[in-house]
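The values are calculated or read from the model by the stated rules, or taken from the named source; none is laboratory data. The structure presented is a predicted model; accordingly, all values stated were derived computationally and were not measured. Note: ideal-geometry Cβ built from the backbone for every residue, glycine included; neighbour counts use all protein chains shown. These area figures cover heavy atoms from the full protein model, side chains too; ligands, DNA and RNA do not enter into them. Shrake-Rupley method; radii C 1.70, N 1.55, O 1.52, S 1.80 Å.
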Amino acid sequence: MVLECKRCFYNSNHPLGLIIDEEGICSGCRVHEEKDALDWRQRFTKLKKITNAYKSKKAKYDCIVPVSGGKDSYFILDIVKNKLGMNPLLVSYNKMFNSIEGIENIANLRIKFDCDFIQKNINPSILKKITR
């Protein structure tokens with residue numbers, strides 16, 4: 001029997017395996033509820049404490065950040081570089097169907113945050129499996 005969420009109308013056949021609870025609300029909506037109950041300042045303080053242990057005085061990079069050039073990449077790098085004070089190495093893989101805008105976004109990302117960047121080319125047959 002296929003059940004439907006009362007809030008978002010996704011059903012239990014969703015590819016991510018959503019679970020509809022006894023109140024008719026899916027697991028995705030329940031996770032979204034949790035975001036409103038979190039103390040984000042406390043969590044950021046905890047994140048700062050964790051990442052301070054990885055700041056290096058000897059190594060060139062403190063961490064590796066995977067990037068695509070999209071909005072999430074800019075948001076994450078702002079946190080890592082400007083708010084946590086870390087020096088990341090940016091990494092990505094060549095998806096073989098990069099748009100001009102995507103290439104420009106990666107270039108702008110590197111310049112804006114003054115970070116080194118590595119992009120790897122991978123075997124096209126492996127890329128097909130990743131994409132699937």
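Quick rundown of the values:
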| item | result |
| --- | --- |
| LYS60-ILE100 pseudo-label distance in nm [points 7 Å out on the Cα-to-Cβ vector] | 3.2 |
| Largest to smallest accessible area among TYR93, TYR54 [probe 1.4 Å] | TYR54, TYR93 |
| Solvent-accessible area per residue for the chain (1.4 angstrom probe, square angstrom) | 78 |
| Options ILE111, SER99, SER73, ranked by Cα towards positive dipole end of the chain, top entry (Cβ charges) | ILE111 |
| GLU23 - accessible surface, heavy atoms, 1.4 Å probe, Å² rounded to 10 | 110 |
| Percent of beta bridges antiparallel (DSSP, the range 1-128, rounded to nearest 5) | 20 |
| Carbon and sulfur %, accessible surface of the chain computed with the full protein complex present, 1.4 Å | 57 |
| The chain: C-alpha gyration tensor shape, a/c 1.5 cut-off, then a/b vs b/c | oblate |
| Ordering of 42-49, 62-69, 105-112 by burial proxy (mean other Cβ atoms within 10 Å per residue, highest first) | 62-69, 105-112, 42-49 |
| Ellipticity estimate at 222 nm from DSSP helix runs (n ≥ 4, -39,500 (n - 2.57)) divided over the chain, nearest 500 | -12000 deg cm²/dmol |
| Alpha carbon centroid spacing (whole Å) that separates the range 1-33 from the range 111-132 | 34 |
| Links that overshoot a 24 Å alpha carbon limit, given the list LYS46/LYS81; LYS57/LYS81; LYS6/LYS71; LYS57/LYS120; LYS35/LYS95 | LYS6/LYS71; LYS57/LYS120; LYS35/LYS95 |
| Reach of LYS58 by Cα under 17 Å, taken over aspartates and glutamates that are not fewer than 8 positions away in the same chain | ASP116 |
